[in-house]
Amino acid sequence: MRIISIASQKGGCGKTTTAINLAAALALNGCKTLLVDLDPQSHASLGLNINSQDSIYNVLSNITPRKLKFKDIIVKIENNFDLAPSNILLGTVEQELAEEIGRESKLKQELDSLNNSYDYILIDCPPNLGLLTINSIRASKEVIMPVETSRFSLVGVERLIEITDLIKERLNHTVTYNILVTIFDSRLRHSFSMLDKIRKEFGQKMFNTIIHINVKLKEANVMGSSVINFDKYSRGAKDYCSLARELMLSDRKAAISNLKDIKEKMQELVKQKSKEFIEATFRIAAPSAHNVYVAGDFNNWTLDEAYKLKTHNGVWFAKLPLKQGHYRYRFVVDGKWQEDPQNNNTEKNPFGELDSLLDIK
């Protein structure tokens, strides 16, 4: 049973959006998942159209007249996806537990009663560093820290890391953390500048997946649904499915037990697929650029690290394996989209700009 806290000191960084949609994506991949709404604002519960009188408050409180266990409050959202809802009363629990011995482990004790009945338990923490957040981190082995590309968000991450260090020191409990970049706007140069700064600061502690800004995420929230159910073909759905896969692949037990089988299958797959692809070279001169990507029909117009160009003497280039076909593409130079200046074969797109055209034969 893999218990993961999703925490941020700063609001508005996609914390609850990540909790809901990552849980839905894990469930879609066959993982039995429980989302625990530990935020008194109940945004995860409301975001799934759940308004329950029985909540996590009845599990953690010692003075409630209706004392319950986790199994009593769980609401089924969809296949493999359950929710332990919250309500406003949860805000009083911190005061109730203030003088209680072992108050930092209250949530862990209650989660232990579930007896490994879930593959994943995700905990949506409140946007502060109070007792509820400490309980969540104490119950977890991992913390996902959503970070938008802003300075204030980074400051919040630093404070949260200090709390994990304090829990290790005071409670002898080690927790790992990973940074998730959220609400990423690929149209802004500032976004790429901050992304580079985050990468330099956190390196291997970052997820490869980036959650891009996507209106479908907000629309799904308004409709009380995960984006997976609302529009499974949207950019938001694809990003969270990618995050779920990355999380699942990080499970070392599964990776080790299946390593030999995976290696053999991958070798055979590469052997088969390599016959279907032809290497295409993309090149653009941009001596003052910091980042250059190529995006097009071949990668669903995404700014993926696999399509980031390398530079040599001011010329950016990449060799990519593509299937035979007709493609539109554009370069993204420091966040600015442009056609290929060396390719005269162009065509207007719906936005009135030019896409470069490429035929692979």
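Values quoted throughout were computed directly from the atomic coordinates according to the rules given, and no laboratory measurement underlies them. Just so we're clear, the structure is a prediction, and the values are computed from it rather than from any experiment. We place every Cβ from the backbone using ideal geometry, glycine too, and count neighbours over all the protein chains shown.
Its DSSP H runs of at least 4 residues, each contributing -39,500 (n - 2.57), put the calculated 222 nm mean residue ellipticity of the chain at -10500 deg cm²/dmol, to the nearest 500. Give the angle, between 0 and 90 degrees and rounded to the nearest 10, that separates the Cα long axis of helix 189-202 from the longest principal axis of the Cα atoms of the chain. That works out to roughly 60 degrees. Could you tally the net charge around residue 282, taking each other residue with its Cβ under 10 Å from the Cβ of residue 282, Lys/Arg +1 and Asp/Glu -1? Neighbourhood net charge equals +1. Give 216/310; 200/265; 10/310; 141/200; 15/108; 310/361 a once-over and call out the pairs whose C-alpha atoms are over 29 Å from each other. Listed pairs above 29 Å: 216/310; 200/265; 10/310. Projecting the Cα atoms of 184, 6, 132 onto the dipole axis of the chain, where Lys and Arg carry +1 and Asp and Glu carry -1 at the beta carbon, places 184 farthest toward the positive end.
Binning the C-alpha pair distances of the chain at 10 Å intervals from 0 yields a P(r) profile of 5, 22, 29, 23, 13, 7, 2, 0 %, listed from the shortest bin outward. Of the residues 55, 111, 326, the one whose Cα sits farthest towards the positive end of the charge dipole of the chain is 326 (charges of +1 on Lys and Arg Cβ, -1 on Asp and Glu Cβ, taken about the Cα centre). Between helix 235-249 and the chain there is an angle of about 70 degrees, using the helix long axis and the longest principal axis of the Cα atoms. Spin-label model, residue 113/residue 152: points 7 Å from Cα along the beta carbon direction are separated by 3.9 nm. Could you let me know the centre-to-centre spacing of region 31-104 and region 136-177, using Cα atoms, in angstrom? With region 31-104 and region 136-177 each reduced to a Cα centre, they are spaced 22 Å.
Charges on Cβ only, +1 for Lys and Arg, -1 for Asp and Glu, centred on the Cα centroid of region 273-360; of 296, 345, 311, which one is farthest towards the dipole's positive end? It is 311, whose Cα lies furthest towards the positive end. When you restrict to C-alpha pairs under 8 Å that are six or more residues apart and normalise by the size of the chain, the relative contact order lands at 16 percent.
Order these by the 10 Å Cβ neighbour count, fewest first: 206, 266. If you can, show how the numbers build up before the last one.
On the way: 206 18, 266 10.
Exposure proxy ranking, most exposed first: 266, 206.
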